[in-house]
Amino acid sequence: MSDIKITVNVDEYLALNKFEVDEEQAHIELVENPDMAEFLKLVRVCPAALYKVDAEGKTSFDYAGCLECGTCRIACGDTIIKKWSFPGSTMGIEYRYG
Amino acid sequence: MSDFDAIIVGSGCAGAIAAYELAQAGKSVLVVERGNYAGAKNMTGGRLYTHALKQVFPNFEDEAPLERRITHERISMMTPDSNFTIDFSSDDMLVSGQDSYSVLRGSLDGWLADKAEAAGADYIFGIPVEELVKDGNRVVGIKAGEDEMTADVVILCDGANSLLTKEAVGFERPRGSAMAVGVKQVIELPASVIEDRLLANEGEGAAWLFVGDATKGHVGGGFVYTNKESVSLGIVATISDLASADTPIYQMLEDMKAHPAIAPLIKGGKVVEHSGHMVPEGGRDMMPPLVGDGVILAGESAMMCVNLGYMVRGMDYAIAAGMHAGRSAVAALDAGDTSAAGLGGYVKALEESFVLKDLEQFKRFPHFMESTTRIFNEYPAFVRNAMNTLFIVDGTPVAPLKKSMMPHVKNIGIINLLKDVWKGMKAL
C-alpha cells in the first residue's frame, strides 16, 4: 500500500456528515494484533477510510466516522473483526440526503 | 395474545410499504426504525423505477419527493486518458409507469413513512432491534433496548447489512464476492447548471454509469445521477475483488471526480454528504429463505438487488416485495396461520411477479462480470484506440478503416471478443 498515493483526506468529507458519536461504546471491535493482510483489505474497502496504516506501518481504526454499511463485516467478519453491531439508540450516522 | 398483529423492522422502501398495506387493512402495526427519522441510515445511488410505486400509490407523481425524471441514459467506457459515452433518450422513457426518477432517501423514506403513519401504523424511531424473540423455531417478537414486543408476524426490512436474518431464517453472512460496496458523495450545484451541463430540460436529468477507470479496472463501476440541485456521484465495487486492489475505494472516488470527463460536470459544486452502503449482487442464488415461522424478509435484507453494470435496481424490488409482504401478512393473519406455510402466499406472489423472475434471470451475471475482467480493462482501452483511429487527424495518409482497426481488435483477440459477447448474452 505504501506505493499508493492517497491524495484525499476522507476525514474532511466525514466532517460534512451529521454524526452522533457514542463515546461510551465502540460498536465495531477488532481482534488484538490483527493480521496485516486482512487489515489492508479493510483499508481498501472501507468507504469512510476508518482503517489506516501510517508511514511507519502502524495500523489504526476509529469507529467514530462509521457509515454503518457493514462492508468490513463482510470482508473480514470471520478474521479480524471481533464484534460488529449497530451503534446504540439514536447514535451513529444520520444522513440528511442519502 | 401478541402486542401487535405485525412488527416491521426498518422503514425503508420495503418496510414502510409493508406497514402501509397492513395498516390500510386495519391491522395493528409497529415499525421500529433505528434511524432518528426514516431515511437517516439509508442511501441509494440512486434512481427509482416507478412502476412498483405506482401500483401502491397511483398518484405518486403529485406527492412523492422525486428529484429529476431520467431522460438521458448514459454509459461510458473510461480509461485514464479517454472516455467514450453512449447517450440514449427516447419518448418511451417518459411514459408514466415505465419512467424513472433520481431520488434521495432522506426525503423519499420520510414520505413513505408518513404514508404508513397516516394509514395508522405506529412508529418507534432511534432504536436498533438487537435480537428477535423466539419460541422454538418461531419468531414471536423483537428486543429493542430494554423492551420486548411481540407480534403474530415480524417483517424484516432492515437492509443489506441485516444482523437479524441469521436468527430469523438461518441466513449466513453473504460472501464478499456476492456483495459490493458503494460510496457516494452528494455535490450541490444550481438546477440550471445541472441542466446546462447535462443537456437536460427543466426537471429532467441523466443516469450515467462508468466502466473501466472509475474502479481502476476492478469489478464495478462509477455512477452519476442528477438530482434537483445536486449530483449524486459514486463508485460501486465488488468487495472480494476490491480487497486486492491497489487503490482504496475512497481514492477511486476522488480520482473519478478529477477525471477530465467528469471534473467539468461538478466544477464549482460543493460536497455536502459522503455516504456508504452495501449492494447485494448475487441474484436468486444468494437469497435467504423469504419466510420462516412468524417471519417475512423483504427488500435488501432478502438480497433483492440487481447490478448489471448498465443498470442497478433495488428499490423497485423492495417496493414490490414490501407490498406483497404486507398483503400476504394480512391474508395470513386473517386465516389465523402465520407459520412459514401460512405465509407462503408471499413467496408465491413474488415468484409470479418480476421480482423473483428478474433475480433468477440475472443470477449468472455477477459471475460473468467477475470472470470477464476484460470489460474493465482491455475493452475500454480498445474503444479508446479505435476511436482515436477514427477521429484523430494529423495529416498522415489515411489507411482503409478495416486495415487500421484490425490491430486494435487483434490486441484483444477475435476469439476472446466473440467468447465474451456470447457469455455476456447468455448471462443476461
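Stretched out fully, how many nm does the piece from B:Ser371 to B:Arg197 gain, at 0.36 nm a residue minus the Cα gap? Working shown, then result.
Working: separation 174, 0.36 × 174 = 62.64 nm, distance 3.58 nm.
Here the segment from B:Ser371 to B:Arg197 would lengthen by 59.1 nm.
Checking the a/c ratio against 1.5 first, then a/b against b/c, what shape does the Cα gyration tensor give for chain A?
Oblate, since a/c reaches 1.5 and b/c is not below a/b.
To check my understanding: the extent here is largest minus smallest coordinate of the Cα atoms along each principal axis. What are those three numbers for segment B:279-400, in Å, largest first?
82, 23, 20
Please give every one of the lysines within straight-line cross-link reach of B:Lys423, meaning a C-alpha to C-alpha distance under 18 Å, and leave out same-chain neighbours fewer than 8 residues apart.
Those lysines meeting the cut-off are B:Lys363.
Relative to the Cα centre, what is the charge dipole magnitude of segment A:56-98, using +1 at the beta carbon of each Lys and Arg, -1 at the beta carbon of each Asp and Glu, and rounding to the nearest 20 debye?
80 debye
Per the Kirkwood definition applied to all pairs of different Cα atoms, how many angstroms is the hydrodynamic radius of segment B:368-427?
Mean inverse Cα-Cα distance, inverted, gives 12.8 Å.
Whole number in Å², please: accessible area per residue of chain B, 1.4 Å probe, ligands, DNA and RNA not counted.
Details: 16740 Å² over 428 residues.
With all protein chains present, chain B gives 39 Å² per residue.
So, in Å, what gap is there between the alpha-carbon centers of segment B:239-295 and segment B:139-171?
27 Å
With θ set to phi - 60°, apply the Karplus curve 6.51 cos²θ - 1.76 cosθ + 1.60 along segment B:156-172 and write out the HN-Hα couplings as whole Hz, x wherever there is a Gly or Pro.
Coupling constants for segment B:156-172: 8, 10, 9, x, 4, 9, 4, 9, 10, 5, 5, 5, 6, 9, x, 7, 6 Hz.
Where Rh denotes the Kirkwood radius from the mean inverse Cα pair distance, what is Rg over Rh for chain B?
Over the Cα atoms of chain B, Rg/Rh equals 1.01.
Per DSSP H run of at least 4 residues, take -39500 (n - 2.57); add these up for chain B, divide by its residues and hand me the 222 nm value, nearest 500 deg cm²/dmol. Show your work: numbers first, answer last.
Working: 16 runs with 152 residues, N = 428.
Rounded to the nearest 500, the figure is -10000 deg cm²/dmol.
For segment B:52-58, what does the Karplus curve 6.51 cos²θ - 1.76 cosθ + 1.60, with θ = phi - 60°, yield as ³J(HN,Hα) per residue in whole Hz, taken in order and with x for Gly and Pro?
6, 5, 4, 5, 8, 10, x
Using mean Cβ contacts within 10 Å as the protection proxy, how do B:384-395, B:144-155 order, highest first?
Going by the mean number of other Cβ atoms within 10 Å, highest first, we get B:144-155, B:384-395.
Between segment B:25-82 and segment B:94-137, what's the alpha-carbon centroid distance in Å?
Cα centres, segment B:25-82 to segment B:94-137: 11 Å.
Once you've got the Cα coordinates, tell me which of A:Lys18/A:Lys82; B:Lys143/B:Lys166; B:Lys41/B:Lys270; B:Lys115/B:Lys166; A:Lys5/B:Lys257; B:Lys184/B:Lys270 are over 18 Å apart.
Check vs 18 Å cut-off fails for A:Lys18/A:Lys82; B:Lys41/B:Lys270; B:Lys115/B:Lys166.
Nearest 10 degrees is fine. How inclined is helix A:36-45 to the longest principal axis of chain A, computing both from alpha carbons?
With rounding to tens, the tilt is 50 degrees.
Just need the relative contact order of chain B here, percent rounded to a whole number, with Cα pairs under 8 Å and 6+ apart.
20 percent
Quick check: Cα centre of segment A:32-98 to Cα centre of segment B:380-420, how many Å?
With segment A:32-98 and segment B:380-420 each reduced to a Cα centre, they are spaced 44 Å.
Around B:Ser404, what is the net charge, scoring Lys/Arg as +1 and Asp/Glu as -1 over all other residues with Cβ under 15 Å from its Cβ?
+3
On the protein heavy atoms, probe 1.4 angstrom, tell me the percent of accessible surface of segment B:118-237 carried by carbon and sulfur.
44 percent
Using packing as a proxy for protection, rank B:249-255, A:34-40, B:346-352 so that the peptide with the highest average count of other Cβ atoms within 10 Å comes first. Before the final figure, lay out the partial values.
Details: B:249-255: 23.3, A:34-40: 15.7, B:346-352: 17.3.
Ranking the peptides B:249-255, A:34-40, B:346-352 by packing returns B:249-255, B:346-352, A:34-40.
Would you compute, for the Cα atoms of the protein assembly as shown, the largest minus smallest coordinate along each principal axis and list the three values in descending order, in whole Å?
87, 58, 46
Can you work out the FRET efficiency for the pair A:Ser60 and A:Ser89, with r the C-beta to C-beta distance and R0 = 22 Å, to the nearest 0.05?
0.20
Which part of segment B:72-94 falls in the paramagnetic zone of B:Glu61, meaning amide N under 19 Å from the point 7 Å along Cα-to-beta-carbon?
So the set is B:72-73, B:89-94.
Normalised by the number of residues in segment B:183-314, what is the relative contact order in percent for Cα pairs under 8 Å and 6+ residues apart?
26 percent
Step through the residues of segment B:186-202 one at a time and calculate ³J(HN,Hα) from phi using the Karplus curve (6.51 cos²θ - 1.76 cosθ + 1.60, θ = phi - 60°), rounding each to whole Hz and writing x for Gly and Pro.
Per residue, the Karplus-derived 3J(HN,Hα) values read 9, 10, 6, 8, x, 3, 5, 5, 4, 5, 5, 6, 9, 6, 10, 6, 4 Hz.
Which percent of Cα pairs goes in each bin when the distances of segment B:180-280 are cut into 10 angstrom slices starting at zero?
In whole percents, the pair-distance histogram is 16, 49, 28, 7, 0.
Compute the helix-to-body angle for B:414-427: its Cα long axis versus the longest principal axis of chain B, expressed 0 to 90° and rounded to tens.
That helix lies at roughly 20 degrees to the long axis.
In percent, what relative contact order does chain A have, based on Cα pairs under 8 Å that are 6 or more apart in sequence?
Here the relative contact order equals 41 percent.
What average number of partner chain Cβ atoms lie no more than 10 Å from the Cβ of the residues making up B:269-275? All intermediate terms of the calculation are to be shown ahead of the outcome.
Details: counts 0, 1, 3, 5, 10, 14, 10.
Taking all residues of B:269-275 together, the mean is 6.
The values are calculated or read from the model by the stated rules, or taken from the named source; none is laboratory data. Predicted model only: the values in this text are computed from it and were never measured. Because the Cβ atoms are built from the backbone with ideal geometry, glycine has one as well, and the counts that use them run over all protein chains shown. Side chains included, ligands, DNA and RNA excluded: accessible areas come from the protein's heavy atoms. Shrake-Rupley method; radii C 1.70, N 1.55, O 1.52, S 1.80 Å.
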